[in-house]
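Enquirer: Here it is, the structure in full.
The values are calculated or read from the model by the stated rules, or taken from the named source; none is laboratory data. Here the structure is a predicted model, which means the values were calculated and not measured. Methodologically, a virtual Cβ is constructed for each residue, glycine included, from the backbone with ideal geometry; neighbour enumeration extends over all protein chains shown.
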Amino acid sequence: MFLPRVVKRQEPLQWGSFFIFAAALVVSLGVSCALLAVHGKPPLKALAVLWSGGFGGPFALEDTLLKSIPIFLCSLGVAVSFRMQVWNIGAEGQFALGAVGATWAVLTFPVLPLWAMMPVMFLCAAVAGGLWAAVPAVLRLRFGMNEIISTLMFNYIGILFLQFLVYGVWKDPTSFGFPMTSIFPKAAIIGPISPATLGRVHWGLAVCAGVAVLLAVFLKRTRLGFELLAGGENPRAARYARMPYNLLVLLVMSLCGALAGFAGCIETSATVNRLQPSIMVGYGYTAIVVAWLSRLRITSIALFAFLLAGLRVGVEHLQLDLQVPAAFGGILEGMILLSVLAGQFFDRYRFTLKGRS
Amino acid sequence: MSDTPHTPTAVAPEPPRRAREAHAHLPPVVRLEGICKSFGKVRANHDITLDIRPGCIKALLGENGAGKSTLMSILAGKLRQDSGSILVDGAPTLFASPRDALRAGIGMVYQHFMLVDSMTVAENVLLGQSPDMVLRPARMRDEVAALAERYGLVVDPAARVGGLSMGERQRVEILKLLYRDSRVLILDEPTAVLTPRETDQLFEAMWRMADQGKALVFISHKLQEVLTVADEIAILRRGEVVDQFSEADVPNQTVLANRMVGRDVVLQVDAKRLTPVDTVLSVEHLFGPGLDDVSLTVRRGEIVAIAGVAGNGQKELVEAICGLTRPASGEVRILGRPWREFFAGPPGRRGLAYIPEDRQGLATCRQLDLVDNFLLTTRNLFAKGMFLDRTEATNAVKRVVWEYNVQPGDIAASARALSGGNLQKLVIGREFFRKPEVIVAENPTQGLDISATEEVWGRLLEARSSAGVLLVTGDLNEALELADRIAVMYRGRFMDVFDKDDTAKVEAIGLMMAGVRPGEPETEA
Amino acid sequence: MDMDTALLLSILAATVQSGTPILYATLGEMFTERSGVLNLGVEGMMIVGAFTAFLATHLTGNPWAGVLAAGLCGGGLSLLHGIVCLIFQGNQVVSGLALTILGLGLADFLGTPYVGITTTGFQAFAVPVLADIPVLGTIFFRHDALVYLSYLLPPLFWLFMARTRPGLALRAAGEHPAAASAAGLSPVRIRWCGIFTGGFLAGIGGAYLSLAYTHLWTNNMTSGRGWIAVALVIFAFWRPGRAVFGAYLFGGVMALQLRLQAMGANLPSSLMLMLPYALTVLVLLASSARGGGRAAPAALGVNIEPEE
């Protein structure tokens, strides 16, 4: 019998994740282009627009960098949760609560100077997002409630809560009925780092860098960070080494909430300068794709956040230039994630033609 | 259920085997010829030739790791031999999967039952077997009940498997095979999970099956049971058949025991005795799943070995002592402190070290590097506030790697780069780094080569000077070489705890491992 | 009959209507999960079903063609999950999420030109005799064909699981694939069937939204119903009877919410829209606290590794 059969790999594939992602991208773009053709759009031109819109030129890269900021922050949190095998898919809702928390700080203390406003804003965002994530964590630990569904429901509830505020109590009386708060005072707006050289790239990027360094130090240098990494690697070994499992679950969820909260805060303050429902564009779900692609390697997270942000920007250009619906981005992300999942098979297995004898 | 008290070795009076003569000279149903199988470098089976006859119970006797289960897994289609052939009714046959073997009429009852807990007995028996599209529960029950009646395998067909005892589940497994008219039934250590009473019932059912022309293979390491139930005996040692006995020439228990264990001393160490001092570990009246009133003390300066066949409660005992499972009832005190209090925090200095049998899945993380693996249980020693002093840890790992001669000594490599022996040296180095005062070592030399074994033994003996050691081992030689005192565990209890110098008892360890107390009458073959 | 009773009856009748798509999706996901596969892509399969049902009906004029198309496309999408998890051993949780993202994207992308267009769809008709039963007739027997069809599903589901050979095999694949394999069955093949059937039913659940609940296509018309279905499977302890109760409970809340809005209740709409999601959390909390998770098929979410 010389049928191909599946054999487990002893060592993971060299450069495996790179090849897998490249293959996944090719498959996904292929399928997506076929769909575009069905829709009567020129696929090759669309690819060109996708590329030039997301990565071709300084303006495109600037856009992509701006979008990768919230995605990066959310992805860090999701990756940390996934590492502990906690299926927290609630970054979207935690993002919304972060935006709400930051806005609350701004509306409550409108006259704070910049040096006080920023920490208060970020703190409120982190607390709001963190608590929003801690509730499902506690429900899971205390009652064994499935965190996938609870975090997802908290997404819907969080977004609706944001809408409730901007349609109601927080609505700007001068907004002609549009659901939005009034524009933030200058002290509450995260400004550009250097308009002359970096364009619109704002201090949120510095926050990302800071968070990334702190997280790397936390994971690499602290005892709790070590427990998180090792405990997620092998839960049995974690039990053997007597690691505080419940505490770790609560920690990763709250951390994810706080980071998503940061993202919400930055998006509100730096990008739209006020709270409005349009900030909810699904970064929290893109973060899942990024987190799964890069596991908990922070540089990979940055790289994949940038790539997926670029795709998002490219899709926006498709929308403008070729009238391709925005949902095209969802198709791309879904296809990429599915192909990566399938491709990771080759990280663990290989086919052999050796007979069974 | 009968009210008669049963000792663990109770053996039912042998009923007459009426049909035995009828099958006496039939050709074998299955013949294994020159079977070889290796796992990596380990030779599990080597050139094994074996006949399995209808109406006959064949025992495969051998110690753990002798290759019995591997051989039978090959016959049942679960594993594929490297060379050699399986002849069914004289014709060479190739089994690609258990399904093929089943179709050829060969079925196996594994130690881990293949039953669906949430289904009824009848549903389990008829799974994949029912000829009809629509199930008729009443008819299914009747069919299964009739089958059970015929072979004396009493079990309620309407009961859910999840609520059954191990013995009943085993009967369901056998019924599954009988329902599909299997001609060869392989029972892998079937009595390991049974009570004495259930063991007797199983034997009766086995005779009944043999009388009706089935061929049975009984895998066991328990001499008495083999002598009681088997018609033919084959002894396996280190993957080879060392002896075969037919009904006429079965020797007595002692000869059989020696043939099985083959106590060839591979290694000897010079274990000078120390004077034991204070008690570091005490276990009193511990009960729980798999444990039946276990009491034990270990003092600083001694090694106490728990000898016994795996699966007699050693794992449960170790997990309770090492903080992995909370003791159900009874008391465990470590260094004078109660269990709850001792296991409240992370592992620290001068505490308890656990060297588990499962080095790869439990004691280490394959993907992490040596430093991270080292930090698993020593992280508290390198904590500076909330931070970990990795520089100091790295230096410590370097020292340990050098001192314990871990090869290759690249501390940035992941743990899976290490062979079993080197991984074990790393684990021991890590655990001893904490200067533990209680050490629990579980089959510490399993799978290691001679030099690594010698090293591990040396370390354990050395550790006695500052610690009490509890050594759990399935290797009798290891127990005898290292221990000061030996406890023999059988079915969740200690048969006896005695000093190594008590030669009479030491002689009887093999029997005690099989559940026989010295002084009790030996059963005639 | 006074006004209040009439209002109550109409709300209860609306309950059945709102509950029906959730019932289809819940039973579908339950079927998949009983075979041991967790498919979190219900939302995606539902919305694809809703769109294809609309499109097929729009093109053929026959709503049954729409239902068939919805089932096939929902099932077809679910096969992607099968490819990832059954062939390539991918993580079932993440694959399901990806399926949802993909499904929502697909339906939205392909459906953009059709937003707001109406189609024929199903019409309500009174079942002779039964519709005249006081109270019950009004609540249960003045609906459309898909509702009536949904009444048959739970008992059929139960019969299939408890009384047929394939049902037995499916349960075995979900509880103990190795045992199924040892009994000569192919658990992987069984799981393919479980996945496809689940996708098929989720698609029909979606079809109900675009062909009966409304008669048009809009983006995002499932609005989380797929996720509610996933939660209801846990709430129902993987039993069809309780799924009916759960689906109508949510149907009731949605009906009530619509009615209150229509009557101009003095509550912000976003708070009203939260109700089903908040209820999902509560309901799941209640069943989790009662140890509901233990009723799950033992091998749920665990891939069957290829034999070496």
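Enquirer: Check C:TYR248 against each of (1) surrounded by fewer than 24 Cβ atoms within 10 Å (Cβ to Cβ); (2) over 14 Å from the mean Cα position of the chain (by Cα); (3) not hydrophobic (A, V, I, L, M, F, W, C) and name the one condition it does not meet.
Expert: (2)
Enquirer: Determine if segment B:454-466 includes at least one residue that is outside any loop (DSSP other than H, G, I, E, B), crowded, with 17+ Cβ neighbours inside 10 Å, free of Cβ contacts under 8 Å to residues at least 12 places away in the same chain and of a type in the set (Asp, Glu).
Expert: Of all residues in segment B:454-466, those outside any loop (DSSP other than H, G, I, E, B) come to B:454-463.
Checking the rest, the ones that are also crowded, with 17+ Cβ neighbours inside 10 Å come to B:455-457, B:459-461, B:463.
From what is left, the residues that are free of Cβ contacts under 8 Å to residues at least 12 places away in the same chain are none.
Within segment B:454-466, not a single residue is outside any loop (DSSP other than H, G, I, E, B), crowded, with 17+ Cβ neighbours inside 10 Å, free of Cβ contacts under 8 Å to residues at least 12 places away in the same chain and of a type in the set (Asp, Glu).
Enquirer: Are any residues in segment A:273-296 within 13 Å of another protein chain (Cβ to nearest Cβ) and among the basic types (Lys, Arg), and if so, which ones?
Expert: A:ARG295
Enquirer: Would you check if there is a residue in segment C:133-147 being among the β-branched types (Val, Ile, Thr) and in contact with a Ser or Thr (Cβ under 6 Å, 6 or more places away or on another chain)?
Expert: Restricting attention to segment C:133-147, the residues satisfying the condition of being among the β-branched types (Val, Ile, Thr) are C:133, C:135, C:138-139, C:147.
Cutting the leftovers down to in contact with a Ser or Thr (Cβ under 6 Å, 6 or more places away or on another chain) gives us C:147.
Looking for residues that are among the β-branched types (Val, Ile, Thr) and in contact with a Ser or Thr (Cβ under 6 Å, 6 or more places away or on another chain), one finds at least one in segment C:133-147, hence yes.
Enquirer: Something else: Which residues, taken from segment B:429-451, are at negative phi and under 23 Å from the mean Cα position of the chain (by Cα)?
Expert: Restricting attention to segment B:429-451, the residues satisfying the condition of being at negative phi are B:429-434, B:436-442, B:444-446, B:448-451.
Hits for segment B:429-451 are B:ILE439, B:VAL440, B:ALA441, B:GLU442, B:PRO444, B:THR445, B:GLN446, B:LEU448, B:ASP449, B:ILE450.
Enquirer: Taking only segment B:344-354 into account, find how many residues are within 11 Å of another protein chain (Cβ to nearest Cβ) and modelled with pLDDT of 90 or more. Reasoning before the result, please.
Expert: Here is the first cut: in segment B:344-354, the residues within 11 Å of another protein chain (Cβ to nearest Cβ) are B:344-348, B:351-352, B:354.
Now restrict to residues that are modelled with pLDDT of 90 or more: B:351-352, B:354.
Summing the residues that are within 11 Å of another protein chain (Cβ to nearest Cβ) and modelled with pLDDT of 90 or more in segment B:344-354 gives 3.
Enquirer: Among the candidates A:SER17, A:SER32, A:SER68, single out the residue that is among the hydroxyl-bearing types (Ser, Thr, Tyr) and either assigned to a strand (DSSP E or B) or at pLDDT 95 or above (or both). Even if it seems obvious, please write down each step before you answer.
Expert: Details: A:SER17 fails: either assigned to a strand (DSSP E or B) or at pLDDT 95 or above (or both); A:SER32 fails: either assigned to a strand (DSSP E or B) or at pLDDT 95 or above (or both).
Unique residue meeting the criteria: A:SER68.
Enquirer: With the structure loaded, tell me whether B:ARG340 is within 14 Å of chain A (Cβ to nearest Cβ), at pLDDT 90 or above, outside any loop (DSSP other than H, G, I, E, B) and over 20 Å from the mean Cα position of the chain (by Cα) or whether it fails that test.
Expert: Numbers: within 14 Å of chain A (Cβ to nearest Cβ): yes; at pLDDT 90 or above: yes; outside any loop (DSSP other than H, G, I, E, B): yes; over 20 Å from the mean Cα position of the chain (by Cα): yes.
Yes.
Enquirer: Of all residues in segment B:301-329, how many are touching a Leu at 6+ places or on another chain (Cβ under 9 Å) and farther than 24 Å from A:MET243 by Cα?
Expert: Count: 9.
Enquirer: Name the pairs whose Cβ atoms lie under 8 Å apart, with the first residue in segment C:106-126 and more than 14 Å from chain A (Cβ to nearest Cβ) and outside any loop (DSSP other than H, G, I, E, B), the second surrounded by 14 or more Cβ atoms within 10 Å (Cβ to Cβ) and not acidic (Asp, Glu), and 6 or more positions between them or separate chains?
Expert: C:THR118/C:HIS215; C:THR118/C:LEU216
Enquirer: If you check A:LEU162 against the conditions, is it crowded, with 24+ Cβ neighbours inside 10 Å, over 16 Å from the mean Cα position of the chain (by Cα) and more than 17 Å from A:LEU248 (Cα to Cα)?
Expert: Values: crowded, with 24+ Cβ neighbours inside 10 Å: yes; over 16 Å from the mean Cα position of the chain (by Cα): yes; more than 17 Å from A:LEU248 (Cα to Cα): yes.
Yes: the conditions hold for A:LEU162.
Enquirer: Still on this structure: Pick from segment C:160-181 the residues that are aliphatic (A, V, I, L, M) and farther than 22 Å from B:PHE113 by Cβ: which of them is modelled with the highest pLDDT?
Expert: C:MET161
Enquirer: Any idea which of C:HIS58, C:HIS81 is surrounded by 18 or more Cβ atoms within 10 Å (Cβ to Cβ), of a type outside the set (A, V, I, L, M) and touching a Leu at 6+ places or on another chain (Cβ under 9 Å)? Talk me through it step by step, then tell me what you get.
Expert: Details: C:HIS58 fails: touching a Leu at 6+ places or on another chain (Cβ under 9 Å).
Within the list C:HIS58, C:HIS81, the selection yields C:HIS81.
Enquirer: Scan segment C:176-208 for residues that are in a helix (DSSP H, G or I), in contact with a Leu (Cβ under 8 Å, 6 or more places away or on another chain) and touching a residue at least 60 places away in the same chain (Cβ under 8 Å) and report the count.
Expert: Adding up the residues that qualify gives 16.
Enquirer: I've got another one for you. Looking at C:ALA212, C:ALA229, which one is assigned to a helix (DSSP H, G or I), among the small types (Gly, Ala, Ser) and within 13 Å of chain A (Cβ to nearest Cβ)? Before you say what the answer is, go through the steps one by one.
Expert: Details: C:ALA212 fails: within 13 Å of chain A (Cβ to nearest Cβ).
So the residue among C:ALA212, C:ALA229 that is assigned to a helix (DSSP H, G or I), among the small types (Gly, Ala, Ser) and within 13 Å of chain A (Cβ to nearest Cβ) is C:ALA229.
Enquirer: In segment B:132-178, which residue that is of a type in the set (Gly, Ala, Ser), assigned to a helix (DSSP H, G or I) and touching a residue at least 12 places away in the same chain (Cβ under 8 Å) is nearest to B:GLN111 (Cα to Cα)?
Expert: Taking segment B:132-178 as the starting set, the residues that turn out to be of a type in the set (Gly, Ala, Ser) are B:138, B:145-146, B:148, B:152, B:158-159, B:162-163, B:165, B:167.
Keeping just the survivors that are assigned to a helix (DSSP H, G or I) gives B:138, B:145-146, B:148, B:162-163, B:167.
Then keep just the ones that are touching a residue at least 12 places away in the same chain (Cβ under 8 Å); that gives B:145, B:148, B:162, B:167.
Details: B:ALA145: 24, B:ALA148: 21, B:GLY162: 16, B:GLY167: 12 Å.
Among those residues, the one meeting the criterion is B:GLY167.
Enquirer: Still on this structure: Those residues that are among the small types (Gly, Ala, Ser), more than 14 Å from every other protein chain (Cβ to nearest Cβ), touching a residue at least 12 places away in the same chain (Cβ under 8 Å) and part of a helix (DSSP H, G or I), I need them from segment A:176-235; list them, please. Steps first, please.
Expert: Just the residues of segment A:176-235 that are among the small types (Gly, Ala, Ser), to begin with: A:177, A:182, A:187-188, A:191, A:194, A:196, A:199, A:204, A:206, A:209-210, A:212, A:216, A:225, A:230-232.
Narrowing the set further to residues that are more than 14 Å from every other protein chain (Cβ to nearest Cβ) leaves A:177, A:182, A:187-188, A:191, A:194, A:196, A:199, A:204, A:206, A:209-210, A:212.
Narrowing further to those that are touching a residue at least 12 places away in the same chain (Cβ under 8 Å): A:182, A:187-188, A:191, A:199, A:204, A:206, A:212.
Within segment A:176-235, A:ALA187, A:ALA188, A:GLY204, A:ALA206, A:ALA212 qualify.
Every residue, every condition in (1) crowded, with 21+ Cβ neighbours inside 10 Å; (2) away from chain C (no Cβ under 13 Å); (3) at positive phi, yes or no:
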site: A:ALA302; (1), (2), (3): no, yes, no
site: A:GLN319; (1), (2), (3): no, no, no
site: A:PRO325; (1), (2), (3): yes, no, no
site: A:GLY329; (1), (2), (3): yes, no, no
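Enquirer: Pairs only if they're at least six apart or on different chains, beta carbon under 6 angstrom, first in segment B:312-338 and in contact (Cβ under 8 Å) with a residue 12 or more places away in the chain, second of a type in the set (Phe, Trp, Tyr) and in a strand (DSSP E or B); list them, first residue then second.
Expert: B:ASN312/B:TYR490; B:CYS322/B:TYR354; B:ALA328/B:PHE287; B:SER329/B:PHE287; B:GLY330/B:PHE287
Enquirer: Restricting to segment B:123-140, what's the tally of residues that are under 30 Å from the mean Cα position of the chain (by Cα) and more than 7 Å from chain C (Cβ to nearest Cβ)?
Expert: 2
Enquirer: Still on this structure: Going through segment B:104-119 one residue at a time, which ones are surrounded by fewer than 17 Cβ atoms within 10 Å (Cβ to Cβ), more than 8 Å from chain C (Cβ to nearest Cβ) and at pLDDT 85 or above?
Expert: none
Enquirer: Same structure, new question: Out of curiosity, is B:ALA159 buried (at least 21 other Cβ atoms within 10 Å of the Cβ) and either within 13 Å of chain C (Cβ to nearest Cβ) or closer than 28 Å to C:ALA298 by Cβ (or both)? Write out each step before concluding.
Expert: On the way: buried (at least 21 other Cβ atoms within 10 Å of the Cβ): no; either within 13 Å of chain C (Cβ to nearest Cβ) or closer than 28 Å to C:ALA298 by Cβ (or both): yes.
When the stated conditions are applied, B:ALA159 does not pass them.
Enquirer: Just give me the residues in segment C:287-308 being small (Gly, Ala, Ser) and either within 8 Å of another protein chain (Cβ to nearest Cβ) or touching a Phe, Trp or Tyr at 6+ places or on another chain (Cβ under 8 Å) (or both), in sequence order. If you could, list the steps in order and put the result at the bottom.
Expert: If we filter segment C:287-308 for residues that are small (Gly, Ala, Ser), which is where we start, we get C:287-289, C:291-293, C:295-296, C:298-299, C:301.
C:SER287, C:SER288, C:ALA289, C:GLY291, C:GLY292, C:GLY293, C:ALA295, C:ALA296, C:ALA298 - these are the residues of segment C:287-308 that are small (Gly, Ala, Ser) and either within 8 Å of another protein chain (Cβ to nearest Cβ) or touching a Phe, Trp or Tyr at 6+ places or on another chain (Cβ under 8 Å) (or both).
Enquirer: Separate question: Which residues, counting only those in segment C:269-284, are surrounded by fewer than 18 Cβ atoms within 10 Å (Cβ to Cβ) and within 9 Å of chain A (Cβ to nearest Cβ)?
Expert: C:SER269, C:LEU271, C:ALA278
Enquirer: Under 29 Å from B:ALA310 (Cβ atoms), buried (at least 19 other Cβ atoms within 10 Å of the Cβ) and at pLDDT 90 or above, is that true of B:VAL332?
Expert: Working: under 29 Å from B:ALA310 (Cβ atoms): yes; buried (at least 19 other Cβ atoms within 10 Å of the Cβ): yes; at pLDDT 90 or above: yes.
For B:VAL332, the condition - under 29 Å from B:ALA310 (Cβ atoms), buried (at least 19 other Cβ atoms within 10 Å of the Cβ) and at pLDDT 90 or above - is met.
Okay, residues lined up against (1) in a helix (DSSP H, G or I); (2) outside the structural domain of B:THR473 (by TED's automatic domain parsing); (3) without any contact (Cβ under 8 Å) to a residue 40 or more places away in the chain:
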| residue | (1), (2), (3) |
| --- | --- |
| B:GLY77 | no, yes, yes |
| B:GLN81 | no, yes, no |
| B:LEU102 | yes, yes, no |
| B:GLN129 | no, yes, no |
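Enquirer: Further question: Just checking, how many residues over segment A:152-175 are assigned to a helix (DSSP H, G or I) and without any contact (Cβ under 8 Å) to a residue 40 or more places away in the chain? First the steps, then the outcome.
Expert: Our first condition is that a residue be assigned to a helix (DSSP H, G or I); within segment A:152-175, this holds for A:152-167.
After this cut, where a residue has to be without any contact (Cβ under 8 Å) to a residue 40 or more places away in the chain as well, the list is A:153, A:160, A:164, A:167.
Matching residues across segment A:152-175 total 4.
Enquirer: If you don't mind, another one. Among the residues of segment A:119-133, are any away from chain C (no Cβ under 12 Å) and farther than 30 Å from A:LEU229 by Cβ?
Expert: Checked against the condition, which is being away from chain C (no Cβ under 12 Å) and farther than 30 Å from A:LEU229 by Cβ, segment A:119-133 yields at least one hit.
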